[in-house]
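Okay, structure first, notes after.
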Amino acid sequence: MYSLLLVEDDRHLRLGLVELLTAAGYSCHACASVEETEQLLAGGAVAGNLSALVPDLCILDRHLPGVSGDELCRRLRQHHPLLPVLMLSARGQVADRVSGLRAGADDYLSKPFVIDELLARLAGMTRRLSWMRSPERSVSGFFIGDRYINCQALSLGFADGRQMTLHLREFRLLELLYQRRGEVVSRDELYDRGWGREHLPNSRALDQYMVGLRARLEDTAKNRKLIQTVRGVGYCYQPDLADP
């Protein structure tokens, strides 16, 4: 059973979601505000209740009283970088979705929504969560070129000691390319790893992520791009023999 943190200030929606999610097999911890959420998590730490302290998943309303859902998402990311967060909002414009995703959400669902879609999104998140926890995953980190990817901190380390935080989706894409190094990874496989089969973004989303990742990974000393584009097929990480 997955532990789910639900943060929603609308009482009727909150109670309804708790009932539906509990029936679907989730163990729900429901809060109405950022303050209540932080008290719950702190209380879990004091009482030793790890399911409350570190939930497996989070459904977060973006528009909360007082401190915003965006700010709570940032705070959660600082302490639980691998926590999958699904953000809910009555505003579904592109700018709103982008803002929520930049705050650290993994997915965004506009209100009103169909409960079947919500459950499908959560199912995709739990499958990726199961994969993240599987024993075949890298337990500490790996190198792409001379950049070190820390799997625990979700950070990118440079040779000069600088550190850069990675978004969970960026990490998933890099790890798949590393695991399949030397092979061409199809666009469908990358979309499945980064977004899940139930939620396909626009066709340019993957390319936009890759542009950003390649800018961070570019090996100027050797004058080569570490991630190659295979036009019409996908992407490939081709390691150099001298790479760590």
TODO: Go through segment 220-236 and count every residue that is at pLDDT 75 or above and either among the aliphatic types (A, V, I, L, M) or open to solvent by less than 50 Å² (accessible area, probe 1.4 Å) (or both).
DONE: 7
- [ ] Examine segment 80-103 for a residue that is within 13 Å of the chain's Cα centre (by Cα), at pLDDT 85 or above, in a loop (DSSP other than H, G, I, E, B) and surrounded by 17 or more Cβ atoms within 10 Å (Cβ to Cβ), and state whether such a residue exists.
- [x] yes
TODO: Go through segment 106-130 and give me each residue that's more than 19 Å from L17 (Cα to Cα) and in contact with an Asp or Glu (Cβ under 9 Å, 6 or more places away or on another chain).
DONE: R128, L129
- [ ] Give segment 31-65 a look and list any residue that's out of contact with any Gly (no Cβ under 7 Å at 6 or more places or on another chain), outside any loop (DSSP other than H, G, I, E, B) and at pLDDT 90 or above, or say none.
- [x] C31, L57, C58, I59
Open item on the list: Suppose we filter L174, L168, L217 for residues that are open to solvent by less than 40 Å² (accessible area, probe 1.4 Å), modelled with pLDDT of 85 or more, aliphatic (A, V, I, L, M) and under 30 Å from R97 (Cβ atoms); which single one remains?
Closed with: L174
- [ ] Take the residues in segment 149-161 that are under 25 Å from A105 (Cα atoms) and without any contact (Cβ under 8 Å) to a residue 40 or more places away in the chain, then tell me which one is most open to solvent (accessible area, probe 1.4 Å).
- [x] Q152
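The values are calculated or read from the model by the stated rules, or taken from the named source; none is laboratory data. This one's a predicted model, so the numbers in the text were calculated from it and none came from an experiment. Every residue, glycine among them, receives a Cβ derived from its backbone with ideal geometry; neighbour counts consider all protein chains shown. Heads up: the accessible areas ignore ligands, DNA and RNA and are worked out on the full protein's heavy atoms, side chains in. Shrake-Rupley method; radii C 1.70, N 1.55, O 1.52, S 1.80 Å.
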